[in-house]
1. Which residue out of 112, 96 is β-branched (Val, Ile, Thr) and under 16 Å from residue 157 (Cβ atoms)?
2. Within segment 80-90, which residues are touching a strand residue (DSSP E or B) at 6+ places or on another chain (Cβ under 8 Å) and modelled with pLDDT of 90 or more?
3. Taking the residues in segment 103-156 that are assigned to a strand (DSSP E or B) and small (Gly, Ala, Ser) as candidates, determine which candidate is modelled with the lowest pLDDT.
Amino acid sequence: MRIKNVVKVMNFHSLLRVDASKREAESYRNVGDEITKIIKTIVYNKNLVLDKKVIMPNPNNNKLNIYIANDYGFCGNFNSQIARQIRQDKDDYKIIIGKKIVYNDDKVILKINKDDFSKELKKIEKTIDEAIRNSSYSEINLYYNHYNSSTSFEFKKLTLFPINFDGEYDTKNDFVIETDITSMLYSLLTFYIMYELKMCECISRAAENVIRNQITREALDKIDEIEIEQANELRKNKKEKLVKKTVENFKKISTREEEDG
């Protein structure tokens, strides 16, 4: 069947995209980890005078949520989770990534197509940088579908800001630096958030393609099932025709023998 070949190609491409997205996400993860270490050395450095409001925003401020959806087919459930979360967060400010999310109010500060994510990064970065420098929000959160394995994914919330610093800090790493450390920290925080966002966009793409792989796999199984049914029906029809022809031939022979007798 021609459609089966098309579905096979779609299934194969989804597997390739899962692998490519995973590799890209891993490269961003490594950078994000290093940025976190640098920020940690600044925050806990006793030799530096730092305004703690930079890393501890006002908890009474509004939240900013970023939502990563999907622009293509086969992902209806994927987008419905995002849409449901957006409706629940009606009081929070929003950046929505994904053209299929039909939502707009006075708290949507940026909305872009998923396909335009790379082209619009500067616009997103400007919004994040202004938010960090002005301490505009109590939290910056990201909602997306997280890839777990080749067979599963989960809807996930990730808090990008404030940053949670795990582990201990060695005071022997304290240092002195002649620069505007607060401005430097603002830039590093924006840098970190953007790298985390890039990483999660890649992971989200992997999750999308897990869905596509599952759906196209199910479609192939259904096509195989239909082909088997059609083949069985064809064999049944051939057998019935053969039996019918055999019976007719037998009747002809019997009639001829009776006439000759």
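1. From the options 112, 96, the qualifying one is 96.
2. Within segment 80-90, 85, 86, 89 qualify.
3. This residue is 149.
The values are calculated or read from the model by the stated rules, or taken from the named source; none is laboratory data. In this text the structure is predicted, and so the values were computed from the model without any measurement. Glycine gets a Cβ as well: all are built from the backbone with ideal geometry, and neighbour counts include every protein chain shown.
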